[in-house]
1. Give the residues of the range B:607-627 that are surrounded by 16 or more Cβ atoms within 10 Å (Cβ to Cβ) and either under 32 Å from the mean Cα position of the chain (by Cα) or at positive phi (or both), sorted by residue number.
2. Against the conditions (1) hydrophobic (A, V, I, L, M, F, W, C); (2) out of contact with any Ser or Thr (no Cβ under 7 Å at 6 or more places or on another chain); (3) within 14 Å of another protein chain (Cβ to nearest Cβ), where does B:Phe220 fall short? Just the number, please.
3. Residues that are of a type in the set (Val, Ile, Thr), at least 2 per element: which strands (runs of 3 or more DSSP E) completely within the range B:423-532 meet that?
4. Restricting the range B:640-667 to residues that are among the β-branched types (Val, Ile, Thr) and within 12 Å of chain A (Cβ to nearest Cβ), which is nearest to B:Thr314 (Cα to Cα)?
5. For the range B:612-634, state whether one or more residues are among the small types (Gly, Ala, Ser), over 24 Å from B:Glu546 (Cβ atoms), away from chain A (no Cβ under 14 Å) and in contact with a His (Cβ under 9 Å, 6 or more places away or on another chain).
6. Among residues belonging to the range B:404-459 that are more than 23 Å from B:Tyr315 (Cβ to Cβ) and charged (D, E, K, R), point out the one that is nearest to the other protein chains (Cβ to nearest Cβ).
7. Take B:Glu670 and tell me if it is surrounded by 19 or more Cβ atoms within 10 Å (Cβ to Cβ), under 20 Å from the mean Cα position of the chain (by Cα) and facing chain A (nearest Cβ under 10 Å).
8. Can you find even one residue in the range A:43-55 that is within 25 Å of B:Gln694 (Cβ to Cβ), touching a Pro at 6+ places or on another chain (Cβ under 7 Å) and either buried (at least 16 other Cβ atoms within 10 Å of the Cβ) or within 11 Å of chain B (Cβ to nearest Cβ) (or both)?
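The values are calculated or read from the model by the stated rules, or taken from the named source; none is laboratory data. Predicted model only: the values in this text are computed from it and were never measured. All Cβ positions, even for glycine, are placed from backbone atoms using ideal geometry, and neighbour counts span all protein chains on display.
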Amino acid sequence: MVSIRINGVNRRFHGDPNMPLLWYVRDELGLTGTKFGCGMALCGACTMHVDGGAVRGCVTPVSFADGKEVTTIEGLDSEGNHPVQRAWRAHNVPQCGYCQSGQIMSAASLLNRNPDPSDDEIVAEMAGNICRCGTYQRIFAAVRTAAQEV
Amino acid sequence: MSGIQNLSRRDFLKNTGITGAMVLGAQVVPSPLLAGARAQSTGASIQPNLFVSIAGDGMVTITCSRSEMGQGVRTGIPMILADELEADWQRVKIWQAPGDAEKYDPAGKDGQNTDGSRSTRHHLDVMRELGAAGRYVLEQAAARKWGVDPGEVYAKDHRLYHTGSGRSFDFGDVVDAAAGIEVPAGADAPKLKDPSRWKYIGRDMPVVDNYDMSTGGADFGADVTIPGMKIAVVARAPVYRGKVKSFDAAEALKVQGVEQVVEIPPLPDDKPAEFRALGGIAVIGTNTWSVLEGRRKLAIEWDDGPNTAHDSSTYDDQLRAAARDGGHVIRDRGNVDEAFAAADQVLEAEYFVPYFIHTPMEPPAAIVDANARPVKIVAATQSPNETRQYVAEALGVDKSEVECQVTLLGGGFGRKSKPDFACEAAILSQMTGSPVRVQWTREDEIRNGYYHAASAHRMKAGLDTSGKVTAWHHSGAWPSLIGLWAPAARTGHPIEYGLGLIDTPYDAVPNLRIENGEADVMIRVGWYRSVNNIQHAFAMNCFANELAAAAGRDPVEFLLELIGEAEVMDLAKDGVEDPWNYGDSVEEWPIMPKRLSNVLRVAAAKSGYGKPMPAGHGLGLACHRSFHSYVATAVHVVVRDDGSLHIPQVDMVVDCGRYVNPEGVKKQIEGAAIYGNTVARHGLISTTRGAVDQSNFHDYPVTRMNDAPLDVRVHIVEDFVHLRPCGVGEPGVPPYTPALVNAIHDATGKRIRRLPIGDQLKSA
């Protein structure tokens, strides 16, 4: 049995502790904001936070989060108004939108750790998240904007 | 054209969830049938659709009949209607239409398939008419309530005003009086706004889904759940048209959460692939992780079938030989042979572009309940109407018994026009008796996709003593996407010729021949963002750059000279009758060399072309017409000593005629640079004994932020003469690769003739 606090709610999971957090939150909890993109921690679409740090949910077993605090895109801000989310809208970042939950969670994790990242630090962090619509230029600008607000 | 009806308070609205008291629909009828259909339209046989409804509280609901995959269509198309209606955008909601081309293809042109960069150009007129009709009905209703002449009433910003008294109503105040007001047609049809009075068309608008997309609230294909639904993944043959010889599911069935393992029958030998299910072994269970684990534990013996000779180590050279051999002349001007004999210099070069795969961030996913009537499909599909058709065939039911709801698409790029994944869900739902969601993984998407055709190009040109091109001969070979329907096809289809080859824009060249060689289709070849334009633009722009160097001339001046300044290029003069022109007539959307020259000139100016650059820096330009739009791209590249690239700036100039949402245009063109950057530098699908070698983003890399240009400047040419709207989603991609490759030559003197660039610069 695994005990996790997800978006402020205590959960107990009795299933396979090797199940990745991605599938646990999507299939068991119905938190579908976290997306499946590759299953190999290569694209970042499934990025969520465990104790404030970014993890790729597709390769992180539920057991890893036992006793820890997990935040998904749905729990980043109760109103959807985290500075990163506001910056995303101000820059009209999304095209299809599919990768954006993961992009936002990566950016929020970066700014948690480093509120004043250099351009190179932004690129290094965000290079783990793929966007096939090609919104990188706006993501880069939005992270810079959000950094001024956190 | 369509007939517009006021459908307020009609019985059929009861089950639609539309609560509006005023509803307008458009009868979707191809124009030749319109006269006959009008006569029937009072009968019950034609089911009206819904395009705009206005509720008593004034909320306007506009139908979006196109699939949203990041191109902004759920914003752009409704903007048109809202503008003509004089609605306030803050009080507009969007309703996503289900798949039903009889009802929701108001332009009657494309069967509701969101593809070919055509939504805006096919919907601008009809959405304006619907908006104007709505405004007309509201004005009439207000006049009725006030008891005044309708000519004294006008709509503005969601209100209706009476000129004489200054009285006004909110839109919602008059919907109760709207029933029964007929929308006149023909010469009396409601007048469209003069473009000078447009308040949304032509202005930047954020996408309607911005909030949901930034909070995880947007629903994509795999985000929908229906009661009793099972989840399935499928193991498919590694080689196209391979089959299951035998399988053992014992270990898979031991996985907690796995409930069943069943075989989806293979494609029958006599049926072309089209969009049908490929067949394979499906693992079905209660959650995605369980079925993925179960699939890993399957033991399957495959019969690899007839395509094991499809091996890149030999197939690529077969394409090169086929390009050299040519054989099918598709456009011929003057006499290239005589011109080559008389030329001062004759140059030849071969270009090669490999297979690509789409990799939308959302792998395909669809839910089908085959046991309900009507059959229910929920899918991330570009083409919901064809999804119904293929699912109906898979289930052996009539298409009228199948419904398809469309979710948001996590990228499409052409992959999601092909509903094989929905067919799989349908077959599994029928076999198991439960609703089933089929989830494709990234490996499935890369190994069992519909591939952008690999292609080889033999380019040959003659120059006279002054360095002018006297003859141009382009011969290309590729496996045709028409093989999906005609597996024995060995030559290209007119559609592929029309994708930037037969319409080669070098109109000023006196002798010109375009030729097509033969190739076997040994994999599912399908369309990909920009389709064959990618390789055609690459080969012709880069070869032109080579010729300029051989002639000792400026490459941009040289390219401008090839294109010329003609108003219209008439392919009929070169023996081409009725060329495929993106499904539209050449009268309405002609090929216009001077617009191509214009964007190239603007790109040179915007990029600072001609100024000296530091060592290791290069600036390359290229231009291409596709989907009726004209795009020129200038790439500034820095090639470092170790062969790695940095791209500090890209300028992209687009002439797309009339546009609706300039912010949307900019985003599509910015994204095209990134998509093009993957094509140029990374994209490579290869095969060994028929099986695709790549499987995920580690061996099929795509552009990430650390190799992306982050300063892409989009310049929209304001074309007030050619106001017909043109495509935007795809035309930005083709010129990117040749611009980058030409920039690399400018920086290093090295020619790249084979994609991807990969590490070709590192080995130098």
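1. Once the filter is applied, which keeps residues that are surrounded by 16 or more Cβ atoms within 10 Å (Cβ to Cβ) and either under 32 Å from the mean Cα position of the chain (by Cα) or at positive phi (or both), the range B:607-627 yields B:Ser607, B:Tyr609, B:Gly618, B:Leu619, B:Gly620, B:Leu621, B:Ala622, B:Cys623, B:His624, B:Arg625, B:Ser626, B:Phe627.
2. So the condition that B:Phe220 fails would be (2).
3. In the range B:423-532, the matching strands (runs of 3 or more DSSP E) lie at B:436-439, B:469-477.
4. B:Ile647
5. No: zero hits.
6. B:Arg442
7. Numbers: surrounded by 19 or more Cβ atoms within 10 Å (Cβ to Cβ): yes; under 20 Å from the mean Cα position of the chain (by Cα): yes; facing chain A (nearest Cβ under 10 Å): yes.
In short, yes.
8. no
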